[in-house]
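Values quoted throughout were computed directly from the atomic coordinates according to the rules given, and no laboratory measurement underlies them. Source: prediction; values computed, not measured. Neighbour counts run over all protein chains shown; Cβ positions are idealised from the backbone, glycine included.
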Amino acid sequence: MATPKTTKKSAATKPKVAKADKKPSAWTKPFRAIGGYFKGAWVELRQVRWPNRRATWSLTLAVIIFSLFFALVIVGLDAIFSYLFKEVLL
């Protein structure tokens, strides 16, 4: 049966602790978190593929048309139901 060899690690192979690995103080932790949030948000914004002017106007027009359509549907249904309730109650 083979026995595992044990080797002594020299001082040169020990992991060195960098000065940057210091733990942040308690009062700077919220500021670091806020800074990290904005840094991440900026990275995400850089990845966005923004539409051109023509696409923006066409999408804006589509939103306005759909909004007007559904507003007319709601107003129409409101008028129909209020007429029906008036007929039933009177």
Sequence order, the stretch 29-42: Karplus ³J(HN,Hα) from phi using 6.51 cos²θ - 1.76 cosθ + 1.60, θ = phi - 60°, Hz rounded, Gly and Pro as x, gives 4, x, 5, 5, 5, 5, x, x, 5, 5, 5, x, 5, 5
Highest mean packing first, using Cβ neighbours within 10 angstrom, the peptides 60-66, 47-53 sort as 60-66, 47-53
Each label sits 7 Å from Cα toward the beta-carbon; between Val43 and Ser25 the label points are separated, in nm, by 2.7
Calc'd 3J(HN,Hα), the stretch 77-82, phi into Karplus 6.51 cos²θ - 1.76 cosθ + 1.60 (θ = phi - 60°), Hz, glycine/Pro = x, comes to 5, 4, 5, 5, 5, 5
